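So the structure is just underneath, and the comments pick up after that.
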Amino acid sequence: SAVISQKPSRDICQRGTSLTIQCQVDSQVTMMFWYRQQPGQSLTLIATANQGSEATYESGFVIDKFPISRPNLTFSTLTVSNMSPEDSSIYLCSPERGKQFFGPGTRLTVL
Amino acid sequence: DAKTTQPTSMDCAEGRAANLPCNHSTISGNEYVYWYRQIHSQGPQYIIHGLKNNETNEMASLIITEDRKSSTLILPHATLRDTAVYYCIVAIYNQGGKLIFGQGTELSVKP
C-alpha cells in the first residue's frame with residue numbers, strides 16, 4: 001500500500017478565489033491521478049499527472065480551471081481556480097504503484 | 001464512461017456471505033477487474049483484483065466467469081463495518097490504467 005497525505009484536509013473558500021491542494025506520497029510513484037467526488041456522487045477522474053510532463057485531462061476538465069503540478073515522484077498539487085459553489089466537492093489524489101491507492105481527500109466548500 | 005454494471009443497493013445479514021455481482025460484457029483482454037469500497041467520508045479502499053482466475057485475499061474472494069463478462073465479489077462473513085459502497089472497475093494493470101468509477105453498489109449489512 002502507500003501512505004498518502006493531503007493538505008488541507010478541508011477548507012471553506014469564497015467564490016472567485018483559488019485553492020491549491022497538496023498530495024504527498026511516502027514513496028516514489030510514476031503516475032498520480034486526481035479525482036473529484038461531488039456530494040452524493042461517485043468519483044470522477046479529473047486528470048492524470050506524470051512527473052516531467054503536462055497532465056492529461058479528462059473530458060470536461062481543463063488546465064486553466066484545474067492546473068496540476070508534478071515536480072517530483074512523491075508530490076503533486078491540484079489547484080481549483082476561480083471557484084464557484086459548484087466546485088464544492090471532495091478532491092482526492094491517487095498514486096499508482098501497481099494499483100491505485102487513495103488518501104482521505106480534501107473536502108472543499110465554496111460559498 | 002464506466003464499463004461495468006452493478007445493482008444500486010443490496011442488503012446482507014451480519015455473519016452471512018455478501019455476494020456482489022458485476023457485469024462487464026465489453027471487457028478487453030488486457031483489462032483486469034478491480035474492486036474497491038468506500039466507507040462513508042473516507043477515500044476508496046482497494047479490495048482485490050483479478051484477470052481471469054479466481055482470487056482470494058484476507059478481505060474477499062473474486063470469482064470471474066470463464067468468458068470474463070461478469071464477476072462476483074464475495075465477503076465471506078459480512079460485519080457491520082463492511083457497510084459501504086462497493087465499486088467494480090475494469091482497467092489495465094500497472095501501466096497508467098486509470099480507474100473510471102461507476103455508481104457502485106451500496107451494501108448495507110444489518111444485525
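Laboratory data are not the source of any read-out in this text; all were calculated from the coordinates shown. Because the structure is predicted, anything quoted here is derived from the model rather than measured. Here the Cβ is made from the backbone with ideal geometry for all residues, glycine too, and neighbour counts use every protein chain on show.
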Starting from the 7 Å offset along Cα-to-Cβ, what nm value, one decimal, do you get for the label separation of B:Glu66 and B:Arg16? 3.0 nm
Count the lysine pairs in chain B that are 8 or more places apart or on different chains: how many have C-alpha atoms under 29 angstrom apart? 6
With at most 10 other Cβ atoms within 10 Å, longest stretch of chain B clear of loop GluC sites (Glu not before Pro) (DSSP): B:1-57
Find, among the trypsin sites (Lys or Arg not before Pro) in region B:1-108, those assigned to loop by DSSP (not H, G, I, E, B) with at most 15 other beta-carbon atoms within 10 angstrom. B:Arg16, B:Lys52, B:Lys69
For B:Asn57 and A:Thr17, what is the calculated FRET efficiency with R₀ set at 30 Å and r taken between the beta-carbons, to the nearest 0.05? 0.10
For region B:32-111, what's the radius of gyration and Dmax over Cα atoms, in angstrom? 12.6, 42
What percent do you get for the relative contact order of region A:8-105 when only Cα pairs under 8 Å and 6+ apart count? 36 percent
